[in-house]
Ligand code: PGA
C-alpha cells in the first residue's frame, strides 16, 4: 500500500484527479469504479475542470458506482445518482449509456445485483476503483461485521453510518436504512485502487490501516491484501 500525505484537502483533491486522469489517458477503453460522499467532491470538481480543459477524455470511459440507497429514486436529491450527476456526469463528456449505478428501486434486487456484477465482468473488470472510507472503516457500504460479502448485495446500514450521513438529510430519521453496494470481492478484483482519506474523523481508521491487521471489523483493511493500492491522505487524517 503506497501512501502520499497532503497538507490539505485541496491538494489531495488535485492529486486524486490527476491520478485518475493519468490512468484514463493510459488506456483507450477504461472501466472506472467511483465513490460518493463528501471526500471525492473536490476530485470530481478537478476532473470536471480537466475535462473542459481537454486534459482528460471520458468518451470511452465506463463508470460503475459503488453503491446506492435503497428506495430513493434517481431524482431524489440525496440519491447517489443525483450526487454523481451533479458532481461529474453533467460536467464531463461521459456517454449516458456508459454510466452504471446499482438501481436501489429495482423490483428484484437479487436480479439487479447479479446483473450489475455480470456487466462489470463482461466489460473486463474495473481498471481503477476509487474509494472513500467511512469513519467506521466501511468501503462502499460494506459495514464492519464478523464477515464480509464478496459480490454486490443489499445491506442494512449501521447506526454509525446513518449518523455520519445524517448531515446530508433533514434528520437522521430520513436516512435510508438499507442500501445496495458492490461487495469486497468486486473491489478486490479491481486492477488498481485509489483510496482518499480526509479529515480528523478518519484518523482512527487510517491508523488501523497502518497497523497491518486485516479484519472484517474494519473492512478497509482488506485492501492490505490488494497488490496495487495508493492512499492519498491529508494531514488531518494522518496520525
Ligand atoms: P465521506 O464518506 O467522504 O462523506 O466521509 C466516505 C464513506 O462513507 O465512504
Margin query: What value in Å³ per residue do you get for the convex hull of the alpha-carbon atoms in region 76-127?
Written below: 96
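Taking a ≥ b ≥ c as the square roots of the eigenvalues of the Cα gyration tensor of region 1-78, is the shape rounded (a/c under 1.5), prolate (a/b larger than b/c) or oblate?
oblate
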Next item on the list: State whether region 100-239 is rounded, prolate or oblate according to the following rule on the C-alpha gyration tensor (a ≥ b ≥ c being the square roots of its eigenvalues): a/c under 1.5 gives rounded; otherwise a/b larger than b/c gives prolate, and the remaining case gives oblate.
Entry: oblate
Next item on the list: Return the distance in nm (one decimal) between the two label points of a simple spin-label model at residue 239 and residue 90, each offset 7 Å from Cα along Cα→Cβ.
Entry: 4.3
Notebook entry, point to check: When a footprinting reagent is the concern and you count Cβ atoms within 10 Å, what order do 47, 72 take, fewest first?
Noted result: 72, 47
Notebook entry, point to check: Of the residues 16, 200, 179, which exhibits the maximal mean-square fluctuation in a Gaussian network model of the chain defined by a 10 Å Cα contact cut-off?
Noted result: 200
Note to self: Suppose the Debye formula is applied to equal point scatterers at every Cα of the chain; what is log10 I(q)/I(0) at q = 0.12 Å⁻¹?
What the structure shows: -0.62
Next item on the list: Can you figure out the FRET efficiency of residue 147 with residue 211, using R₀ = 25 Å and their beta-carbon distance, to the nearest 0.05?
Entry: 0.75
Margin query: Need one word for region 190-238: rounded, prolate or oblate. Basis is the Cα gyration tensor (sqrt eigenvalues a ≥ b ≥ c); a/c below 1.5 gives rounded, then a/b vs b/c decides.
Written below: oblate
Note to self: Over the chain, what is the relative contact order in percent, taking alpha-carbon pairs closer than 8 angstrom and at least six residues apart?
What the structure shows: 26
Item checked: Calculated FRET value between residue 123 and residue 59, using beta carbons and R₀ = 25 Å, to 0.05 -> 0.95
Check: Roughly how many Å is it from the Cα centre of region 66-107 to that of region 158-217, as a whole number?
Finding: 19
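Given R₀ = 22 Å, FRET efficiency for residue 156-residue 41 by Cβ-Cβ distance, to 0.05?
0.25
Stretched out fully, how many nm does the piece from residue 114 to residue 168 gain, at 0.36 nm a residue minus the Cα gap?
16.5 nm
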Margin query: Looking at the chain as a GNM with Cα springs under 10 Å, which of 82, 116, 147 has the largest mean-square fluctuation?
Written below: 147
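Any read-out appearing in this document is the output of simple, stated calculations on the displayed coordinates, not a laboratory observation. This one's a predicted model, so the numbers in the text were calculated from it and none came from an experiment. FYI the Cβ positions are ideal-geometry reconstructions off the backbone, even for glycines, and counts take in every protein chain you see.
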